[in-house]
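The values are calculated or read from the model by the stated rules, or taken from the named source; none is laboratory data. Computed from a predicted structure; not experimentally measured. Reconstructed Cβ throughout: ideal geometry from the backbone, glycine too, with neighbour counts over all protein chains shown. Note: areas computed on protein heavy atoms with side chains; ligands, DNA, RNA excluded. Shrake-Rupley method; radii C 1.70, N 1.55, O 1.52, S 1.80 Å.
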Amino acid sequence: MSATPPGAPVDSEELLARVIALRDEVERSELPLDLPSTRQAKENRAALLGQLDDYVIPRLSSIDAPLLAVVGGSTGAGKSTLVNSVLGRKVSEAGVLRPTTTSPVLIHHPDDVRWFRDGRVLPSLSRVTGESAEPQPGTVRLAASEALQPGLAMLDAPDIDSVVSANRGLATQLLAAADLWLFVTTAARYADAVPWRLLKQASDRGTAVAIILDRVDPDAMDDVRSDLVEMLREQGLETSPVFTVPETTLDERGLIPEGDISRLRSWLTALAGDQRARGIVIQQTLSGALRSLDERTDELVAAATTQQAMVKELEKVAYDAYDTAEDQVRDGISDGQLLRGEVLARWQEFVGTGEFFKRVEEGVSRLRDRVTNAIKGAPPPSKPLDEALHDGVAALVIAEGDAAAATTARRWRSTEAGPELLEEHPELTRSSEALRETVERTVRDWQGDVLDIVRAEGGNRRTNARIAAYGVNGIGLFLMLVSFAHTGGVLVAPEVAIAGGTTALAQKVLEAIFGDQAVREMAAKARSLLLERVTDLYDEERRRYESVLGTVQVSEGQVRRLTQAAEAVQAARSTR
């Protein structure tokens, strides 16, 4: 690299490398949620990336490149006339310098063209040369002029308050690429909010600024200038030079008279010819831009952390809702509520009339034969009971699943991020379309589990003979009934009363076959297997929310790498 100009910051290859690494991390960083609380940070991320690309990295890479002065200001401030007047001629007879153009003009000395014809600065804009071609959006026009001294280039930017949003965005981008802002305003508009918002940014970031107060009534010159200087002082820009240009009649070439523009032109000429002065300006702006990286990166990290917390909050809502659903199913299958209604009616059909209970009470030792005789003569309607049990369990699982989906949607709507996600994914406001079918299959599979438990317990001939008297399906139904009203070995008394003692009867039958300890273990295992299947089913329902949240998740790695890259730049700056 070329020698560093006097007063300019040390050209550190390590600093450049770390800034490039930070730039890459900024580009990789994402704020996928459109949150009001992080919307500004998302916009600032784009601005940060733009300034790194358009100014910081190009300037660190070529510290001795010409100083770039960007001329910016409000609509009607007379920027183009000022630029033409400083140059002593119109840059283009075709009127390239238009206040509404999206194709800015970069004027440079012919000897400095090498610094600007590639993508060193403003890499996102294509280069166009020649005064006759029609300006095109997304381009920067290079115009060589010997009226400028080598070492200084001027870039005429669109209006900062243009009615065209693309022009406003381009103007802000160009100002961020400047070593020096030549900020043009008028006596009528110098107190407008838009210019001062940008000037405040310049002050915060240490950007070198010169103010040109244009079109001022000569009689009001002193008062207007004094008021402007006081406003600059309040914004921390008291060292910025202020040039005043009176309201005047343009000459025959459409230029400001020499006497009114000579002070500004002389200052720019002196700046161009003084390598040390240029270095001081560049150092001020570059150092300010580098310092601002700390705060701007911290803002991005904070926004990413906020979005992480939002996603975790939404994820927790879904977990809590389905955990509650699982708890409700657990309570529902053990508190006897499934023994009411249709299940009770089908059970009574299954065991017959009161004669069945009478015979059971005569002695458990003769229970098998007496139950067989009681229901002989008509096939036991086990299928209806089986279906009633199936429907009862399925209805409970579906109802709690639907409640979990509704709860999740309701609580998401009360968060900052949830409404947008629900609007994009309305299917998350309800259970999946496959839930009912999945539940039906799950309950059928669980009923098969219960029959497997019965078969596994019938491990000896005596037990098998007892089971054969009722059939595996019949014993399985007894076990399901006991499982739904049996907690820790104790029957749920209210449900025993509701069922007219039928649950106690089912338990007596099972105890006569397997023994009381085995019945408790079998009932516990049956409930456990059902809950395992319900847990898996609800996990699948909840994963719909996790899948959507996964698309807007900010990784811990992103936050860590961004923080480390910023710290590395800070460390490199401190050792320069």
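Laid out as a table, the results:
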item: Filter pass, Asp298 being closer than 30 Å to Gly557 by Cα, open to solvent by 40 Å² or more (accessible area, probe 1.4 Å) and either part of a helix (DSSP H, G or I) or not β-branched (Val, Ile, Thr) (or both); result: yes
item: Where a residue in the range 383-407 is more than 22 Å from Val482 (Cα to Cα) and of a type in the set (Ser, Thr, Tyr) and its partner, wherever it lies, is at pLDDT 90 or above and open to solvent by 40 Å² or more (accessible area, probe 1.4 Å), with Cβ under 8 Å and at least six apart; result: Thr407/Thr324
item: Single residue of the range 408-423 satisfying the filter (open to solvent by 40 Å² or more (accessible area, probe 1.4 Å) and in contact (Cβ under 8 Å) with a residue 24 or more places away in the chain) that is nearest to Arg533 (Cα to Cα); result: Arg411
item: Within the range 2-68, helices (runs of 4 or more DSSP H) holding 2 or more residues that are among the hydrophobic types (A, V, I, L, M, F, W, C), modelled with pLDDT of 95 or more and open to solvent by 40 Å² or more (accessible area, probe 1.4 Å); result: 13-28
item: Residue match in the range 210-223 (condition: within 22 Å of Leu290 (Cα to Cα), in contact with a Leu (Cβ under 6 Å, 6 or more places away or on another chain) and either in contact (Cβ under 8 Å) with a residue 12 or more places away in the chain or among the aromatic types (Phe, Trp, Tyr) (or both)); result: yes
item: Residue satisfying condition, being surrounded by 18 or more Cβ atoms within 10 Å (Cβ to Cβ) and farther than 30 Å from Pro58 by Cβ, within set Leu148, Leu213; result: Leu213
item: One residue from Leu562, Leu537 being within 26 Å of Thr407 (Cβ to Cβ), open to solvent by less than 40 Å² (accessible area, probe 1.4 Å) and modelled with pLDDT of 90 or more; result: Leu537
item: Leading residue by the ranking (modelled with the lowest pLDDT) among those in the range 233-249 that are out of contact with any Ser or Thr (no Cβ under 6 Å at 6 or more places or on another chain) and open to solvent by less than 80 Å² (accessible area, probe 1.4 Å); result: Thr248
item: Residue identified as under 36 Å from the mean Cα position of the chain (by Cα), closer than 28 Å to Gly50 by Cβ and open to solvent by 30 Å² or more (accessible area, probe 1.4 Å) among Thr306, Thr285; result: Thr306
item: Subset of the range 156-182 [modelled with pLDDT of 90 or more and more than 36 Å from the chain's Cα centre (by Cα)]; result: Leu182
item: Checklist (1) of a type outside the set (D, E, K, R); (2) closer than 25 Å to Ala303 by Cα; (3) open to solvent by 60 Å² or more (accessible area, probe 1.4 Å); (4) modelled with pLDDT under 95 applied to Ala571, failing item; result: (3)
item: Test: residue in the range 152-163 that is of a type in the set (Gly, Ala, Ser) and surrounded by fewer than 17 Cβ atoms within 10 Å (Cβ to Cβ); result: no
